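Working notes for the structure below.
The values are calculated or read from the model by the stated rules, or taken from the named source; none is laboratory data. Keep in mind the model is a prediction, meaning the values are calculated, not measured. Please note: Cβ atoms are built from the backbone with ideal geometry, for glycine as well, and neighbour counts cover all protein chains shown. Note: accessible area is taken over every heavy atom of the protein model, side chains too, but ligands, DNA and RNA are not part of it. Shrake-Rupley method; radii C 1.70, N 1.55, O 1.52, S 1.80 Å.
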Amino acid sequence: MPIQALPFKKQLIYASGMMGWSIMTNLIIVMLPYFYLPPTNSGLSPLVPQLLVFGAFNILSLIAASGRLFDAAYDPFIASISDSSNNPKGRRFPIMRWAILPAVICCGLVFTPLVKGESISNAWWLTLVLAGFFVSVTTYIIPYNALLAELTHTPEEKVKLSTFQQVGFVLGMILGALCNNFADLIQTVFHVTERFEALQYTIWGLSIFSGIVMILPIIFINEKEYVQSKPTHIPLLPAIKNTFRNSNFKYYLISDFTYYTALSLMSSGLLFFVTVLLGLPDSDGGKFMGLMVVLSLVFYPFINYGSKRFGKKPLVLLAFGVLSLIFVTIFFLGKLPFTPSNQMYLLVICASFPLAALGILPNAILADIAQKDTLETGENHEGMFFAVKYLFVKLGQTIGIAIFAMLTIYGKDPGNDYGLRLNGVVGFALCVLALLFFTRFKERK
């Protein structure tokens, strides 16, 4: 059968899968530090001890790191399984379908501690269920993203489908960031008195909703109708080595890694920046996140036009530059000559362009790299390129969460907030580093 172009409706259905796993991963990134080591003005109690290991790392940072490092090692394995699959229904969807239910269950269990109070038992439990969540969601994400290179056939199609993906991702970010707002609603409508329980009901509900939208691409898209690919025959380790022989991919990878480390700092600290540095209610975090995403949508047509007119590289470099200035602003939050709300508006408005550019373009760039490599080598291992990317993304997110949790040692409460402000310094340095490495990337017209 001739390969068909993916219709507009099915492009939207494909993007829904991105929204599903975005909700759950953003719940983990945004809510995990706030839920287990909350600030004193949150109405929540700590669930793990603030013990130091080697004088610098607290338990939460080590737990986050161990779960993500285990998951990162799993990425190339699932990519190799997917790339070499001979399943008559396709290489990607048959694997993805088995990941959804475990991901939903483990995401909910992450926020269901064994002890309703500070306990080392919670630390062990969190380590176990976090590893289960990351492995499950990776089994979906790696094949899902590999489809971006296979469902599109021109650079313009890649940018367009990547844009729809990013819409799904930012909608997931909004829903994840609105967790406290949904908890407020549950407390009001269902008369739930404890904040702890309201958050748990919210997270379980969002996790179940995520699973429902993640299964939509599998139900409504027939992979074989839109993808022409053949299983790769390169073993796992040589396939990984082949990706690193691509010099362009290496520069892309390093800049992407440092960017996600910085982004993880910002996401993990969002509720702390709002409640501690600015003294605003935690429900405002979701409102400002939603506003930032809506404003970023304004830039989507410009990103699509600009990538054709000027190329993808200049827009990515500009986004890194703007993001570095945003981290400088974080260091001074609460001390600027504006009201707390206006300081957040300033931050949100400035962050909307980098959110759009760095959400759309990197995946489209990587799809270009993977497709060019396929043409040159004759081997279809798009999944391995995305696996290596997400291995480094997860390492970056792991290090970002670990750095944030570690810096809380130096202050995370009103009147003792220096640790939160240090995130601005670290994030600035990371964004500058990402910019410098990406200047070495060679964009081919």
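Structural remarks
- A residue that is at pLDDT 90 or above, open to solvent by 10 Å² or more (accessible area, probe 1.4 Å), in a helix (DSSP H, G or I) and not small (Gly, Ala, Ser) occurs nowhere in region 140-157.
- Qualifying residue in region 212-227 (condition: among the basic types (Lys, Arg), more than 19 Å from the chain's Cα centre (by Cα) and farther than 27 Å from Leu37 by Cα): yes
- Checking each residue in region 405-445 for being more than 24 Å from the chain's Cα centre (by Cα), part of a helix (DSSP H, G or I) and closer than 17 Å to Phe331 by Cβ picks out Tyr410, Tyr418.
- Qualifying residue in region 435-444 (condition: open to solvent by less than 50 Å² (accessible area, probe 1.4 Å), modelled with pLDDT under 85 and either of a type in the set (S, T, N, Q) or out of contact with any Cys (no Cβ under 9 Å at 6 or more places or on another chain) (or both)): no
- Count of region 3-14 residues, restricted to those that are assigned to a helix (DSSP H, G or I) and open to solvent by 10 Å² or more (accessible area, probe 1.4 Å), is 6.
- Boolean, Ser307 is at pLDDT below 90 and under 22 Å from the mean Cα position of the chain (by Cα): no
- Only listed residue being at pLDDT 85 or above and basic (Lys, Arg), chosen from Arg92, Arg68: Arg92
- Only one entry of Gly290, Gly334 meets the criterion of being farther than 30 Å from Ser247 by Cα and either at pLDDT 90 or above or surrounded by 24 or more Cβ atoms within 10 Å (Cβ to Cβ) (or both), and that entry is Gly334.
- Condition check for Thr329: more than 30 Å from Asp83 (Cβ to Cβ), crowded, with 16+ Cβ neighbours inside 10 Å, modelled with pLDDT of 90 or more and out of contact with any strand residue (DSSP E or B) (no Cβ under 7 Å at 6 or more places or on another chain): yes
- Of all residues in region 389-430, those satisfying the criterion of being closer than 30 Å to Asn248 by Cβ and touching a Pro at 6+ places or on another chain (Cβ under 9 Å) are Lys389, Leu391, Ile401.
- Annotation note: of Phe428, Phe353, Phe386, the sole residue that is in contact with a Ser or Thr (Cβ under 8 Å, 6 or more places away or on another chain), surrounded by 17 or more Cβ atoms within 10 Å (Cβ to Cβ) and in contact (Cβ under 8 Å) with a residue 60 or more places away in the chain is Phe428.
- Residue that is at pLDDT 90 or above, surrounded by 22 or more Cβ atoms within 10 Å (Cβ to Cβ), touching a Phe, Trp or Tyr at 6+ places or on another chain (Cβ under 7 Å) and not hydrophobic (A, V, I, L, M, F, W, C), where the choices are Ser324, Ser255: Ser255
- Cross-chain or 6+ apart pairs with Cβ under 9 Å, region 199-221 first and open to solvent by less than 40 Å² (accessible area, probe 1.4 Å), then charged (D, E, K, R): Pro217/Lys10; Ile218/Arg97; Ile221/Lys10
- Tally of residues being of a type in the set (Gly, Ala, Ser) and outside any helix (DSSP H, G or I) across region 238-294: 1
- Scanning region 168-190 for residues that are under 18 Å from Lys287 (Cβ atoms) and not hydrophobic (A, V, I, L, M, F, W, C), we see that the one that is farthest from the chain's Cα centre (by Cα) is Thr188.
- Of the residues Thr202, Thr232, Thr193, the single one that is under 21 Å from the mean Cα position of the chain (by Cα) and either modelled with pLDDT of 95 or more or not in a helix (DSSP H, G or I) (or both) is Thr202.
- Set side by side, the residues Phe331, Phe302, Phe338 differ, and just one is touching a residue at least 60 places away in the same chain (Cβ under 8 Å) and more than 21 Å from the chain's Cα centre (by Cα), which is Phe331.
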